[in-house]
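The values are calculated or read from the model by the stated rules, or taken from the named source; none is laboratory data. This one's a predicted model, so the numbers in the text were calculated from it and none came from an experiment. Glycine also receives a Cβ, built like all others from the backbone with ideal geometry; neighbour counts cover every protein chain displayed.
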4 protein chains.
Amino acid sequence: MSGAQERPMRADAARNRARLLDVATEVFTTRGVGVPTEEIARAAGVGVGTLFRHFPTKEALLEAVLVRRLETIADQTARLAAEADPAEAFFDCFRLVIDRSSGKSEFTQALAAAGVDAHATLRESSTAIRAQLAELLAGAQQAGAVRRDLGLPELIALLVGTSTTMEHLGADTPARERIFEVVFDGLRPR
Amino acid sequence: MSGAQERPMRADAARNRARLLDVATEVFTTRGVGVPTEEIARAAGVGVGTLFRHFPTKEALLEAVLVRRLETIADQTARLAAEADPAEAFFDCFRLVIDRSSGKSEFTQALAAAGVDAHATLRESSTAIRAQLAELLAGAQQAGAVRRDLGLPELIALLVGTSTTMEHLGADTPARERIFEVVFDGLRPR
Amino acid sequence: MSGAQERPMRADAARNRARLLDVATEVFTTRGVGVPTEEIARAAGVGVGTLFRHFPTKEALLEAVLVRRLETIADQTARLAAEADPAEAFFDCFRLVIDRSSGKSEFTQALAAAGVDAHATLRESSTAIRAQLAELLAGAQQAGAVRRDLGLPELIALLVGTSTTMEHLGADTPARERIFEVVFDGLRPR
Amino acid sequence: MSGAQERPMRADAARNRARLLDVATEVFTTRGVGVPTEEIARAAGVGVGTLFRHFPTKEALLEAVLVRRLETIADQTARLAAEADPAEAFFDCFRLVIDRSSGKSEFTQALAAAGVDAHATLRESSTAIRAQLAELLAGAQQAGAVRRDLGLPELIALLVGTSTTMEHLGADTPARERIFEVVFDGLRPR
DNA sequence: CATGAATGAGTATTCATTCAT
DNA sequence: GATGAATGAATACTCATTCAT
C-alpha cells in the first residue's frame with residue numbers, strides 16, 4: 001500500500017531517482033524552495049532532462065520529497081505506537097516528529113500539508129500520519145496523560161509551531177529541552 | 001522615536017511613502033513576498049520608479065514593513081508593561097504579540113527578525129522589542145508566574161512558534177484559546 | 001474604429017512597437033513562425049522584455065502582425081470598391097489580395113484566420129474584410145461578371161488557395177499572369 | 001520500383017518500419033509536424049530508439065512519409081493515364097490528386113515537395129510524378145482540352161493551391177465541386 | 001520628483017537524439 | 001535488434017532594477 005513500483009525499473013534509473021530525491025531534500029531543506037531545478041540536477045550528477053523525466057514538474061519533485069518525509073515519520077511513529085504505553089508513546093512520538101524536523105521551514109510545510117489538503121499523492125501519506133496521530137492522541141487522553149479538550153487539528157498545529165520554535169533555537173540542546181518541558185507540561189490535564 | 005526624517009520631505013512624497021508601506025504590508029501579508037514590485041506600486045497608485053526611489057530595493061521595502069510592525073508591537077507592549085502587574089503584563093503581552101499575527105507567514109518573519117540579527121535598520125527596532133520582552137520576562141519570573149529557567153531566546157522562539165501554530169488554526173477561536181492555555185500552563189513554574 | 005490609441009504613448013515606445021511589428025512581419029513572413037522571440041527582439045534593437053511588454057505573448061505578436069495585414073488590405077480594398085465598376089472592382093480586389101501575399105505561407109494563415117474564427121482582436125478586422133469581400137462578390141455577380149453559385153466561403157478559400165499557388169511560382173510574372181487568367185476565366189459565368 | 005531494400009531485413013523490423021510509417025502519416029496529417037517523436041513511437045508500439053534506427057532523423061521520417069504519398073499518387077495516376085482518353089485522364093487525375101489531399105497542410109507539403117527540389121530521396125519519387133503529370137498535361141493540351149500556354153510548373157502550383165483551397169472548405173462537398181468547376185473551366189482553352 | 005518604458009539575467013520545461021542495458 | 005533512460009541545447013516568459021522623458 002506504500003510506494004509500490006509498477007515495474008522493476010532499471011537499476012540506474014532507480015539510482016538517479018533516489019539521488020535526485022536525496023539532493024532535493026537536502027537542498028530544499030537548507031536553502032529553501034527557490035533553488036533552480038538545474039542546480040538540483042547538477043548536484044545529483046544528472047542533466048535537467050533526467051530530473052524532469054522523473055518528476056514532471058518542480059512542484060512534483062517537492063511533493064515527492066514531502067511524501068517521503070511523511071512516510072518515514074509514519075513508519076517510525078507506527079513502531080513507537082506499538083511498543084510503549086499510551087502516554088509514553090504519545091510524547092515520544094511528539095519528540096520524534098519534532099526531531100525529524102530540520103533546517104528552514106520546509107518541514108513545516110510538509111506537516112502543514114498534512115493538515116491542509118494538498119495533491120492526491122500527498123493526501124494519501126498525510127492521511128496515514130494523521131490517522132496515527134489521532135490514535136496516539138486518543139490513547140494518551142484515555143490514559144489521562146493529555147488534556148481531553150484537544151483535537152487533532154490543535155495537535156498538528158502545535159507540532160508545526162513547535163517545529164518552528166525549535167528551528168529558531170538551532171542546536172541549543174538545553175534550550176530545546178526546556179521547550180519540550182513547557183509544551184509537554186502544557187499538554188497535561190489541569 | 002520612529003525613523004528620523006533627514007530633511008522635511010515634501011508632503012506628497014511622505015504620503016506616497018506611507019501609502020506604499022500600507023499597501024506593501026497588506027499585500028505581503030495576504031499574498032506573500034512573491035508579489036511583483038510593479039503590482040505593489042500600482043496598488044499604491046504610483047509608478048515603480050517612485051517605489052524604488054523610496055525603497056532602493058525590494059528587500060528594503062520588506063524590511064521597512066517589518067520595522068513598522070515591530071515598532072507597533074513595541075509601542076503596545078510598552079503600554080501594557082506600564083499598566084498591569086508583572087504576571088498579567090507578561091501574558092497579556094504574549095497574547096498581543098500573537099494576535100497581531102495575521103495571514104501568511106510574513107509576521108512570523110517579523111518576529112523571527114527580532115530573534116536573529118538582520119540588517120542594520122532592523123536591528124535597531126528589534127533591539128527595542130527584545131529589551132522590553134526581556135524586562136517583561138524578568139518581571140514575570142520574579143513574580144513567580146513563569147519558570148525561572150527560561151531565557152529570552154526561548155521566549156522569542158516560542159512566540160514565533162506559537163504564531164505559526166495559530167496560523168494553522170486560522171479563525172477557530174476556541175482552538176486558539178486552548179493553545180494559549182497549553183502554552184501558558186507550560187510556561188508557569190513546575 | 002480602427003487602432004485607436006488609448007493614450008498618446010511615449011514617442012520611443014511607439015517607435016519600438018512599430019519596429020517590433022515591422023521586424024516580426026518580415027521575419028515571420030520569410031522564415032516562418034518558429035523564429036525565437038529573442039531574435040526578433042534583437043533584430044528590432046530592443047530587449048526581450050520590451051517585446052513582451054508590448055505583446056504579452058508570442059501569439060499576441062503574431063496576431064498583431066496579422067491584424068495589421070488585414071487592416072491594410074481592408075483599407076485598399078475599400079478604396080478599390082469605391083472607385084471602379086463592380087466587375088472591375090471585384091477582379092482588381094482579387095489581384096490586390098493575392099499580390100499583397102508574400103513569402104512563406106504566413107499570409108495564407110492570415111487569410112485563413114479571416115475564414116475560421118480566431119481571437120477577438122483578429123475577428124474584428126477579419127469581419128471587416130469579410131464584409132467587403134461579400135459586397136464585392138455580390139456586386140460582381142449582379143453585374144453578371146461572376147458565377148452566381150459561388151458563396152463567400154468559396155471565395156475566401158479560393159483566395160487562400162490562389163495565394164498558395166502564387167507562392168509556388170515565385171517571381172515568374174508571366175506564369176502568375178496565366179494563373180490569374182485561369183482563375184478569372186473560371187470565375188466568370190458559364 | 002520502390003526504395004530497394006539493401007538486405008532482406010528481419011520480418012519484425014520490416015513490420016516496425018511499416019507501422020511507424022503508418023502511424024507517422026496519420027499523426028502528421030491530423031495533428032501536424034509538431035508532434036514529438038516519442039509520441040509517434042509509442043503510438044506505433046515501439047521505443048524511440050527503434051524509430052531512430054529506422055529513420056535517423058525526424059526529418060527523414062517526414063520525408064519517408066511524403067515519398068510514400070507521392071508513390072501512391074504516382075501509381076494511381078499511372079493507372080488512370082493508361083485507361084482513359086487524354087482529356088478525361090487529365091481531369092480525373094487532377095481530381096484524384098486533390099481528393100487524396102486530407103487534413104492539415106501536410107499533404108500540401110508533399111505536393112510542394114514535388115515542385116521544389118528537396119532532399120535526394122524525395123527527388124526520385126517527385127521526378128516520377130512530375131514526368132507523369134507532364135505527360136498528362138501534354139496529352140490534354142494536344143487533345144485541345146487544356147490551354148496550350150500552361151507549363152508543368154503552373155500545373156503543379158495549381159494543384160498545390162487547389163489542395164489548399166479544398167482544405168479550407170473541409171467536407172462541404174457541393175462547394176468543393178464548384179471549385180472544381182471553376183478551376184476546370186479556367187483550364188480549358190479560351 | 002514622478003513616471004513607466006526598457007533591460008536582460010534567470011527559470012521551468014520540452015524534445016530530438018544518443019547510448020547503456 | 002529493441003528499449004527507454006539520459007542528455008542538454010533551446011525557448012517563452014518574468015521581474016527587480018535603471019533611466020530617459
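A count restricted to the stretch D:31-42 and to residues that are part of a helix (DSSP H, G or I) and within 11 Å of DNA strand E (Cβ to nearest atom) stands at 5. The condition (being at pLDDT 90 or above and surrounded by 15 or more Cβ atoms within 10 Å (Cβ to Cβ)) is satisfied by just one residue among D:Thr50, D:Thr77, D:Thr29, D:Thr57: D:Thr50.
Let's see how each residue does on (1) in contact (Cβ under 8 Å) with a residue 60 or more places away in the chain; (2) more than 14 Å from chain B (Cβ to nearest Cβ); (3) within 16 Å of DNA strand F (Cβ to nearest atom):
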| site | (1), (2), (3) |
| --- | --- |
| C:Val48 | no, yes, yes |
| C:Arg53 | no, no, yes |
| C:Val65 | no, yes, yes |
| C:Arg68 | no, yes, no |
| C:Thr77 | no, yes, no |
| C:Asp85 | no, yes, no |
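Quick check on the stretch D:10-30. Is at least one of its residues assigned to a helix (DSSP H, G or I), under 15 Å from the mean Cα position of the chain (by Cα), under 30 Å from D:Phe184 (Cβ atoms) and not aromatic (Phe, Trp, Tyr)? Scanning the stretch D:10-30 turns up at least one residue that is assigned to a helix (DSSP H, G or I), under 15 Å from the mean Cα position of the chain (by Cα), under 30 Å from D:Phe184 (Cβ atoms) and not aromatic (Phe, Trp, Tyr).
Pairing each residue of the stretch A:133-154 that is on the phi > 0 side of the Ramachandran plot with any residue that is loosely packed, with under 15 Cβ neighbours inside 10 Å, provided the two are 6+ apart or on different chains, yields C-beta distances under 9 Å for A:Gly144/A:Pro189. Taken over the stretch C:13-23, residues that are at pLDDT below 95 and either more than 10 Å from DNA strand E (Cβ to nearest atom) or loosely packed, with under 10 Cβ neighbours inside 10 Å (or both) amount to 0. Set side by side, the residues A:Arg17, A:Arg31 differ, and just one is away from chain B (no Cβ under 14 Å), within 18 Å of A:Arg69 (Cα to Cα) and near DNA strand F (Cβ under 9 Å from one of its atoms), which is A:Arg17.
Considered as a group, the residues in the stretch A:43-87 that are part of a loop (DSSP other than H, G, I, E, B) and more than 16 Å from DNA strand E (Cβ to nearest atom) include one that is nearest to A:Asp12 (Cα to Cα), and that residue is A:Ala84.
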